[in-house]
1. Here is a check on your reading of the model: is PRO201 crowded, with 17+ Cβ neighbours inside 10 Å and either of a type outside the set (Phe, Trp, Tyr) or in contact with a strand residue (DSSP E or B) (Cβ under 8 Å, 6 or more places away or on another chain) (or both)?
2. Looking at the range 225-252 only, could you name the residues that are near the ligand (Cβ under 8 Å from one of its atoms), over 23 Å from the mean Cα position of the chain (by Cα) and of a type in the set (A, V, I, L, M)?
3. Looking at (1) part of a helix (DSSP H, G or I); (2) under 19 Å from the mean Cα position of the chain (by Cα), which is the one condition that is false for VAL74?
4. Would it be correct to say that ALA179 is touching a residue at least 40 places away in the same chain (Cβ under 8 Å) and in contact with a Leu (Cβ under 9 Å, 6 or more places away or on another chain)?
5. Out of everything in the range 47-67 that is among the small types (Gly, Ala, Ser) and in a helix (DSSP H, G or I), what residue ends up being surrounded by the most Cβ atoms within 10 Å (Cβ to Cβ)?
6. Checking the structure you have, find out if any residue of the range 202-210 is more than 16 Å from the chain's Cα centre (by Cα) and hydroxyl-bearing (Ser, Thr, Tyr).
7. At least 2 residues that are closer than 20 Å to GLY135 by Cα in each: list the helices (runs of 4 or more DSSP H) lying fully within the range 206-269 that qualify.
8. Going by the structure shown, is GLN264 loosely packed, with under 14 Cβ neighbours inside 10 Å and within 16 Å of the ligand (Cβ to nearest atom)?
Amino acid sequence: MSEVITEESKERAAIKKSPHYSYSSTNKYLLCPEQYRLYYIEQLRPKIQSANLVFGKVIHRVLEHLVITGIDPVKFFVGEWDKLKEVPLRYSKKESWEKLSGIGEGLLRKFQEEALPKLGKVEATEKPFEFKVTGLPLPFIGFMDLIAEIENKRTVVDYKTSASSYGYYEVALSDQLTAYQLAEPDVEQAAFCVLVKTKTPKIEWHFSRREPEALIAYIEKLEFVSAQIEAGNFYKRPGMWCSYCDYLMVCMGNKKKVQETLVQISPNTSS
Ligand code: SF4
């Protein structure tokens, strides 16, 4: 796999080595407990990564680099994306390496023109965090993409690449933004900066702030989820999300396909 991906994984893996909970892991349990078990306990991973997922990681890395250095993001992106040209990735019917290359260039140009000038003082990028909650047996950890002043407010920002615009409710109810506010209680607001992969690239900012009741409700949810995990309560929760789940063939009992598409990784490389 390309250097761009492995470098990011190494840095994160060093922090993630000790047992913990995170937004991603608890969110996975809430989506489908069996998916959580297959990912975190059985440690099964697709042999070939989704192109969309890898594209999102590359864009994150380029944005981090841009905010730190101010260097042309398109040039950096082209260099990183080129390294993946010969790497087998899972593209959807509508995607290709070339198409994502053009989308990436367009989005980054737009970000440089529209979003970058919005940023005031940058405090941190890719900032790791950890907090403990009385009812959680393990620490809760994560990474914040950016902490910066936006419109004179200290803001924690998460970058998203998305095929479509975010709904207001997705922002208002996002557990991820709630987790950031728990981790960084002094921020004045939390935001998603969404890079929308439409034909004409779009950058959307969605700002939000959680009241104490929302923070308490999220802590209670974390306590509930961790108790279920500790008790080994894993069950299939089928829904439309099965159509893009990496473990559909496991649930369908198709052993041949499972062998062809999945691999069990060693415990230390868990992410
Ligand atoms: S295929 Fe559906 S039921 Fe099975 S693990 Fe995935 S989300 Fe859960």
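The values are calculated or read from the model by the stated rules, or taken from the named source; none is laboratory data. Please read all numbers here as calculations on a predicted model, not as lab measurements. Every residue, glycine as well, gets a Cβ built from its backbone with ideal geometry; the counts of neighbours run over all protein chains shown.
1. Working: crowded, with 17+ Cβ neighbours inside 10 Å: yes; either of a type outside the set (Phe, Trp, Tyr) or in contact with a strand residue (DSSP E or B) (Cβ under 8 Å, 6 or more places away or on another chain) (or both): yes.
Spelling it out, PRO201 is indeed crowded, with 17+ Cβ neighbours inside 10 Å and either of a type outside the set (Phe, Trp, Tyr) or in contact with a strand residue (DSSP E or B) (Cβ under 8 Å, 6 or more places away or on another chain) (or both).
2. VAL250, MET252
3. Failed condition: (2).
4. The answer is yes for ALA179.
5. So the first thing to find is which residues in the range 47-67 are among the small types (Gly, Ala, Ser), and the list is 50-51, 56.
Okay, now just the ones that are also in a helix (DSSP H, G or I), so 51, 56.
On the way: ALA51: 20, GLY56: 17.
Within the range 47-67, the match that is surrounded by the most Cβ atoms within 10 Å (Cβ to Cβ) is ALA51.
6. Of the residues in the range 202-210, the ones more than 16 Å from the chain's Cα centre (by Cα) are 202-210.
With the extra rule that they be hydroxyl-bearing (Ser, Thr, Tyr), the set shrinks to 208.
There is at least one residue in the range 202-210 that is more than 16 Å from the chain's Cα centre (by Cα) and hydroxyl-bearing (Ser, Thr, Tyr).
7. Details: elements: 212-230, 248-251, 255-261.
Counting at least 2 such residues, we get 212-230.
8. On the way: loosely packed, with under 14 Cβ neighbours inside 10 Å: yes; within 16 Å of the ligand (Cβ to nearest atom): yes.
Yes; evaluated as a whole, the condition is true for this residue.
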